[in-house]
Structures are given as C-alpha cells and as structure tokens.
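The values are calculated or read from the model by the stated rules, or taken from the named source; none is laboratory data. All values reported here derive from a predicted model rather than from experimental measurement. In this analysis, Cβ positions are derived from the backbone assuming ideal geometry, glycine residues included, and neighbour counts consider all displayed protein chains.
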Amino acid sequence: MTHTNHKVNLLDFDLPQLKELIFTWGEPAYRADQVWGWLYRKDVPAIEDMTNVSVTFRGFLDAHSFIDRLTVHTAETSVDGTRKFLFLLPDGPGIESVLIPERDHLTLCISTQAGCAQGCRFCLTGKSGLRRNLTAGEIVGQVMAVKRILEPGQRLTNLVFMGMGEPLANYDQTLTAIRILNDPAGIGFAYRRLTLSTSGLVPQIDRLGQDTKINLAVSLNASDDATRSFLMPINRRYPLKELLAACNRYPLPLTRRITYEYILIKGVNDSPQAAHRLTRLLKPATSKINLIPFNPHSGSDLVPPDWDTVLAFQNILVKGHYTVIIRKSKGGDISAACGQLQGRIRPLEPQTGLSSVN
Ligand code: SF4
C-alpha cells in the first residue's frame with residue numbers, strides 16, 4: 001500500500017479492508033460504503049468531491065488519506081486497432097496496458113509489476129528484470145484510467161492480468177486488485193470476465209483457486225521439461241508434472257476451462273512430436289489451447305514457424321479433440337503484442353491527453 005507521511009492511498013484497499021480501516025478510525029462501517037461509491041462508481045479525483053460525506057469526516061479523511069490516481073501518459077494505436085497506454089509511476093518506472101478490440105469484446109490487458117523477474121527467454125518485459133511490484137491501486141488504476149478515456153459507447157467487457165510482470169509473484173496486491181475489480185458495489189467485473197495468466201507459480205495457483213473464482217491462463221509453451229526449462233526458468237522450480245497437477249486441482253466451474261498459451265517458436269517447440277506430447281498432457285474437456293506464433297523482437301533471436309507448421313501443429317491438437325485457437329498477437333507494430341511490453345517512453349512527444357501515432 002502507498003503511504004505518504006502516514007497517509008494511505010484509499011485506492012489500495014478492497015471494501016472489507018476499507019471498512020476495517022475506517023472502523024479503526026472510530027467511524028461506522030457505512031462510511032466505507034459511501035467512500036467506496038465515490039471512488040469506483042463516481043470516480044472522483046479528490047476527497048473534497050465526496051459531497052454526501054459530512055464535512056467533518058471529509059476533513060478527517062483528508063488528514064489520514066489521499067486519492068492517488070493513475071493517468072495515461074502516452075497512447076499509441078496500432079493499424080489493427082489495438083491501443084497501448086503508458087503510465088509513469090510516481091517513483092519513475094513506466095508500466096503499460098493494452099486495449100484489444102474484438103468483434104464482441106473489448107479487453108484490457110493490465111500489468112501487475114514494473115518489469116519482471118521470471119526471465120522467460122521469449123519475452124522482452126523480462127529482459128531488464130523487476131523494478132518493483134505494483135500496488136493494488138496501481139493495478140486497478142490502469143482500468144479506471146482507460147475507462148475514463150474510452151470512446152462514447154465503448155465499454156470494457158474483459159480484463160486480463162497478462163501485461164508486464166508475473167501476477168502471482170505479487171500475490172497480495174494482485175488479490176486485492178481482483179477483489180476491488182470484482183466488487184459489485186464498485187467496478188463490478190464478474191469473475192468470468194477476469195483472467196489471470198501465470199508462468200506457473202504452483203503454490204500461488206492453489207491459493208488463487210481458494211481465494212477467487214477468476215479464470216486461469218497458463219503460459220505453457222512446451223510439452224516437455226527440457227524445452228520448457230530452456231524457455232522459462234520457472235519450470236526448474238515447478239516442472240510440468242507439478243504445474244499441471246495444480247491446474248487440474250484449480251476449482252473452476254464446470255462451464256469454464258483453463259487456457260493454455262503456447263507460443264510457437266521455430267525449431268524449439270513446433271514439431272509434430274511436441275504437439276502429440278501436448279495431447280497426452282492436457283485434458284480436452286478442461287483445456288483450451290491458444291497457439292501464438294512468436295512475435296520477433298530486437299531482444300531475441302527466436303523466430304516464428306512458417307504458417308504451414310502452425311496449421312499442422314493445430315491440426316494434431318484438433319484431432320485430439322482440443323479447442324484450439326491460433327491467436328495472431330495484436331499490436332505488433334506498436335510493441336503491444338504478447339511479451340513485448342517494456343514500460344519505456346518511446347520517442348514520442350509527452351502528451352497530456354491521448355493521441356495516436358498510426
Ligand atoms: S512472459 Fe510473463 S512471466 Fe515471463 S518474463 Fe515475460 S512478463 Fe515475466
């Protein structure tokens with residue numbers, strides 16, 4: 001949580017935590033409901049705007065807390081309509097969110113850490129390591145900031161915790177953020193519209209299943225331990241057998257399935273043998289597979305397979321009765337595609353509002 005001179009950022013608390021905080025201040029719990037409505041229904045920028053809260057309590061709030069909202073620093077728009085937003089954190093690091101329009105969905109991909117410590121070989125975000133964890137307020141703040149600048153008639157339908165960072169390595173703040181986003185008296189995203197993607201932190205997958213009903217996506221990328229450890233160092237700590245056992249334990253409702261993301265990389269994990277092995281690892285009834293041809297970037301010498309190889313890989317999985325989608329990663333021209341987020345200011349004029357470079 002953010003503290004300034006012992007003041008706390010009201011945006012770092014979920015509703016039960018806010019109630020407890022206000023209770024410790026000797027005020028009744030209904031005050032928390034009022035404040036919550038102002039923060040997330042009315043989205044006010046300052047405590048003084050909470051006009052149905054008594055002047056005395058507003059003065060008390062002012063003395064003990066503040067509202068520190070994120071605002072978009074720069075925005076870029078891809079030729080495919082994907083938009084990437086850069087936020088600058090008060091202590092310096094940049095983080096990014098990506099807005100992905102699809103036919104009947106508008107999905108925002110949000111970050112949970114500035115940088116990342118996991119070091120996946122295919123990912124640009126991880127190249128410069130972890131700067132720091134985000135607070136719950138900074139995670140939710142990306143959603144609130146983007147909501148403020150949507151076009152008239154646009155509405156966010158889905159959120160994915162799939163931007164910069166490993167969400168489960170910042171477990172407590174991510175969980176608080178999920179609870180803030182899910183709370184029906186506030187932003188009100190139903191669990192079925194929230195998806196968290198992980199590189200495979202097994203103990204935290206178990207905790208997440210106990211603490212929430214959020215959808216789970218797993219960045220799998222290999223069907224044997226040697227290849228997965230080559231691509232993702234986390235596999236040395238939690239190898240495939242342990243990871244998939246945790247996925248099988250994950251308590252999703254029967255109508256929902258776990259998404260397995262598989263970035264296809266030429267000569268590394270794209271062989272027919274790798275596809276056949278995958279069919280033996282996953283259960284078709286509880287799995288969806290997203291195949292994502294690798295997005296080449298300057299930080300890696302990996303390359304995507306040719307299209308025929310992608311189709312052949314998909315075909316093997318389809319014959320194994322899996323639901324398989326080939327996802328062409330979006331926003332590649334603005335470095336907004338999977339694994340390309342860096343949180344850096346590109347050579348653009350800093351702007352107060354939004355603009356597009358394409
Ligand atoms: S793929 Fe995800 S977990 Fe791996 S380094 Fe990149 S941001 Fe981190």
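Side notes on the structure shown:
Yes/no per residue for (1) surrounded by fewer than 16 Cβ atoms within 10 Å (Cβ to Cβ); (2) away from the ligand (no atom under 16 Å from the Cβ); (3) over 15 Å from Thr112 (Cα atoms):
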residue: Thr174; (1), (2), (3): no, no, no
residue: Ala177; (1), (2), (3): no, yes, no
residue: Asn182; (1), (2), (3): no, yes, yes
residue: Gly188; (1), (2), (3): yes, yes, yes
residue: Val202; (1), (2), (3): no, no, yes
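- Condition check for Asn315: within 16 Å of the ligand (Cβ to nearest atom), modelled with pLDDT of 70 or more, farther than 26 Å from Gly92 by Cα and not β-branched (Val, Ile, Thr): no
- If you go through the range 106-129 and keep only what is more than 9 Å from the ligand (Cβ to nearest atom), surrounded by fewer than 21 Cβ atoms within 10 Å (Cβ to Cβ) and modelled with pLDDT of 95 or more, you end up with Leu106, Thr107.
- Among residues of the range 189-231, those that are without any contact (Cβ under 8 Å) to a residue 12 or more places away in the chain and touching a Leu at 6+ places or on another chain (Cβ under 8 Å), counted: 0
- Total residues in the range 214-250, condition touching a strand residue (DSSP E or B) at 6+ places or on another chain (Cβ under 9 Å) and in a loop (DSSP other than H, G, I, E, B): 7
- Any strands (runs of 3 or more DSSP E) falling wholly within the range 27-132 and containing at least 1 residues that are more than 25 Å from Ala169 (Cβ to Cβ) and of a type in the set (A, V, I, L, M): 74-77, 106-110
- All of (1) β-branched (Val, Ile, Thr); (2) touching a residue at least 12 places away in the same chain (Cβ under 8 Å); (3) in a helix (DSSP H, G or I) hold for Val318 with one exception: (2).
- Filter pass, Arg236 being surrounded by fewer than 16 Cβ atoms within 10 Å (Cβ to Cβ), assigned by TED's automatic domain parsing to the domain that holds Phe294 and within 16 Å of the ligand (Cβ to nearest atom): yes
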